[in-house]
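*Asks:* After the structure tokens below, expect a handful of questions from me.
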Amino acid sequence: MLMLINGQRVPAASGKTFDNINPATGEVVCTVPAGEACDFERAALAAKAAQPAWADMPFYKRSEIIYKYTALVREHVEEIAQAACAEGGKRIDECRDEVLTLCMVFETFTEAAHHMYGNTIPLKAEARTENDIIFTVHEPLGTIVTITPFNFPIELYAHKVAPALITGNAVIAKPASDTPLATTMLTELLWEAGVPGGVMQLITGSGREIGKWLEETKLVDAVSFTGSTEVGSSLLASGAKEIRRTFLELGGNDPFVIFPDADLDLCVTEAIGGRAHNAGQVCCASKRYIVHESVKDAFAEKLVKALSALKLGNPADPANDMGPLINEKAAVAAMADIAHIIDQGATVLLGNKREGAYVWPTVLTDVSPENDVAKDLEVFAALFPIISFRTFDEALQIANQTSFGLASTVMTADMKTAMKFATKVQAGTCVINGTGDYRSVHQAFGGYKHSGLGREGTSTTLREVTQEKNIALKNILK
Ligand code: NAD
């Protein structure tokens, strides 16, 4: 594969490449250019040159291009999904869904952008402007760099690229080094639909390279990042010098709180639906199971039984429930995290087993609120640590004792308890009687505390990727 710079398919200037490996089979999927600072700078210069004409293009014409794009993507769902399955080890049906979600996200943002109304300041509101009319319009920021993680390469690309393009920005996309192929195919289709080659570009390579470049360049107006808190924090620091807008969607260690009156079968279905999804590599999946002591054992028993029935295997075969983690290194790291949690006193009820990049669903009980996993240790695998509580206040305290705050779940039959919890939990989303692995394109998705800065969704992102200009018609009423 090649990178996409200024309308051309090119290798890295250095000629360096690396292999992309299918984590399920160990086979080479493709050879990927290892982009470096000079490649990014070249793309940023092309973006600066191309963006003004794109911003000037009538909005309805940009919309036509986006609708042409989603029609093209729908013609290529299968090949893009197969590429995503091979490079990321994600179940094939989930990959197909992700491609269709991309179409929905692009179309919904395009529709929402039709309603980005400006403001008219109330007439004669103050003496010194009483003969003036002041109104506002939204203008693009310029060039936005989007950096996305491996776990939802297509959907998260859509959440960033769609609002940026429709509002007239240029985009330089940097996919995760483990998952560059599907997003490259999707970017080529944007060109085919009519987005100019300097307006939409894609550079592959290591995250470190783009991080170094962003510390130096003056050509980027905003960075939209989804990934780990550690990298997000470094991007915020490097953007400070340039007063660069930096939007961050970061990690999570979200609580799933079960009160004694909850429907335990529903708890099990929702817990597994969220945590086994994408083999446990989901930012907003519930990751700490905070269960009332009176139902802890019953929940654990039902959970172990249901998880034992899951089939692990090649994600290209739809008969399998779970595929591998993104690579063997990630699987080794997840097992080390599990060993650490056990060292701190947890008891294994199921799993704690790895083969290659596959990690079996693991249930740990007797997890103390002092255990690292009960606080800030985010584990990217289908891990269910069970922590017990006695009172509402204790449950809330454990739920909030983390520096993260992405999503949360409360399971109870009592809406008063649910609403009390939802209003007190420190998280960007609270799902009542459902897994925290929950996202609507319209909601303002994002995190409290170290889980992020800014929000993504049609109710909010269009304002984030634009700036509001005031136009004053002085003395027009005189
Ligand atoms: P990561 O931070 O290692 O990588 C994310 C992206 O950043 C990749 O494209 C990577 O190449 C790039 N990158 C790495 N180092 C960089 C640097 N120094 N400068 C600039 N870019 C750099 O994260 P990951 O392992 O791919 O993803 C897992 C993490 O992402 C988890 O913490 C998860 O919770 C989080 N995540 C958050 C959301 C959300 O919406 N909040 C969604 C998905 C994943």
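*Asks:* Could you grab the pairs with beta carbons closer than 7 Å, sequence gap of 6+ or different chains, first residue in the range 374-390 and part of a strand (DSSP E or B), second one among the basic types (Lys, Arg) and open to solvent by less than 40 Å² (accessible area, probe 1.4 Å)?
*Replies:* That search, which allows pairs on different chains as well, returns Phe384/Arg275; Pro385/Arg288; Ile386/Lys296; Ile387/Arg288; Ser388/Lys296.
*Asks:* Oh, and also: Got at least one residue in the range 3-24 being open to solvent by 30 Å² or more (accessible area, probe 1.4 Å), touching a helix residue (DSSP H, G or I) at 6+ places or on another chain (Cβ under 6 Å) and either hydroxyl-bearing (Ser, Thr, Tyr) or closer than 19 Å to Lys174 by Cβ (or both)? Before the answer, list the steps.
*Replies:* Initially, the range 3-24 is screened for residues open to solvent by 30 Å² or more (accessible area, probe 1.4 Å), giving 6-9, 11, 13-19, 21.
Still in the list and also touching a helix residue (DSSP H, G or I) at 6+ places or on another chain (Cβ under 6 Å): 6, 13.
If we keep only those that are either hydroxyl-bearing (Ser, Thr, Tyr) or closer than 19 Å to Lys174 by Cβ (or both) as well, we get 6, 13.
For the range 3-24, residues open to solvent by 30 Å² or more (accessible area, probe 1.4 Å), touching a helix residue (DSSP H, G or I) at 6+ places or on another chain (Cβ under 6 Å) and either hydroxyl-bearing (Ser, Thr, Tyr) or closer than 19 Å to Lys174 by Cβ (or both): present.
*Asks:* Could you tell me which residue of the range 198-212 is farthest from Ala46 (Cα to Cα), considering only residues that are near the ligand (Cβ under 9 Å from one of its atoms) and open to solvent by less than 10 Å² (accessible area, probe 1.4 Å)? It would help to see each step written out before you state the result.
*Replies:* So the first thing to find is which residues in the range 198-212 are near the ligand (Cβ under 9 Å from one of its atoms), and the list is 205-212.
Still in the running and open to solvent by less than 10 Å² (accessible area, probe 1.4 Å): 205, 210.
Values: Gly205: 19, Ile210: 17 Å.
Going through the qualifying residues, I end up with Gly205.
*Asks:* Looking at the range 303-360 only, could you name the residues that are in a helix (DSSP H, G or I) and among the polar types (S, T, N, Q)? Give the derivation first.
*Replies:* The initial filter retains those residues of the range 303-360 that are in a helix (DSSP H, G or I), namely 303-308, 328-343.
Result: Ser308, single match.
*Asks:* Away from the ligand (no atom under 15 Å from the Cβ), part of a loop (DSSP other than H, G, I, E, B), within 18 Å of Tyr289 (Cβ to Cβ) and of a type in the set (Gly, Ala, Ser): is that true of Gly405 in this structure?
*Replies:* Values: away from the ligand (no atom under 15 Å from the Cβ): no; part of a loop (DSSP other than H, G, I, E, B): yes; within 18 Å of Tyr289 (Cβ to Cβ): yes; of a type in the set (Gly, Ala, Ser): yes.
Criteria not met by Gly405.
*Asks:* Identify the residue in the range 220-243 that is surrounded by fewer than 20 Cβ atoms within 10 Å (Cβ to Cβ) and assigned to a loop (DSSP other than H, G, I, E, B) and, among all such residues, is nearest to the ligand (Cβ to nearest atom).
*Replies:* For the range 220-243, the residue satisfying everything is Ser228.
*Asks:* Identify, please: which residue in the range 256-305 is farther than 18 Å from Asn151 by Cβ and in contact with a Gly (Cβ under 8 Å, 6 or more places away or on another chain) and is, among those, farthest from the ligand (Cβ to nearest atom)?
*Replies:* Here is the first cut: in the range 256-305, the ones farther than 18 Å from Asn151 by Cβ are 256-271, 288-305.
From what's left, in contact with a Gly (Cβ under 8 Å, 6 or more places away or on another chain): 256, 270.
Details: Phe256: 16, Glu270: 19 Å.
In this case the residue turns out to be Glu270.
*Asks:* Looking for something surrounded by fewer than 22 Cβ atoms within 10 Å (Cβ to Cβ) and not polar (S, T, N, Q) - is there at least one such residue anywhere in the range 397-408? Give the steps one after another, and end with the answer.
*Replies:* Taking the range 397-408 as the starting set, the residues that turn out to be surrounded by fewer than 22 Cβ atoms within 10 Å (Cβ to Cβ) are 397-398, 400-401, 403.
From the residues that got through so far, the ones that are not polar (S, T, N, Q) too are 398.
Checked the range 397-408: at least one residue is surrounded by fewer than 22 Cβ atoms within 10 Å (Cβ to Cβ) and not polar (S, T, N, Q).
*Asks:* Here's something else I'd like to know. Quick check on the range 141-188: of everything there that is among the charged types (D, E, K, R) and touching a strand residue (DSSP E or B) at 6+ places or on another chain (Cβ under 8 Å), which residue is farthest from the ligand (Cβ to nearest atom)?
*Replies:* From the range 141-188, those among the charged types (D, E, K, R) are 155, 160, 174, 178, 188; that's our starting set.
Subsequent filtering for residues that are touching a strand residue (DSSP E or B) at 6+ places or on another chain (Cβ under 8 Å) retains 160, 174, 178, 188.
Numbers: Lys160: 10, Lys174: 6, Asp178: 7, Glu188: 19 Å.
Filtering the range 141-188 for residues that are among the charged types (D, E, K, R) and touching a strand residue (DSSP E or B) at 6+ places or on another chain (Cβ under 8 Å), the one farthest from the ligand (Cβ to nearest atom) comes out as Glu188.
The values are calculated or read from the model by the stated rules, or taken from the named source; none is laboratory data. Predicted model, so just to flag it, every value in this text is computed and none were measured. Please note: Cβ atoms are built from the backbone with ideal geometry, for glycine as well, and neighbour counts cover all protein chains shown. In case anyone asks, the SASA skips ligands and DNA or RNA and just uses the protein heavy atoms, side chains included. Shrake-Rupley method; radii C 1.70, N 1.55, O 1.52, S 1.80 Å.
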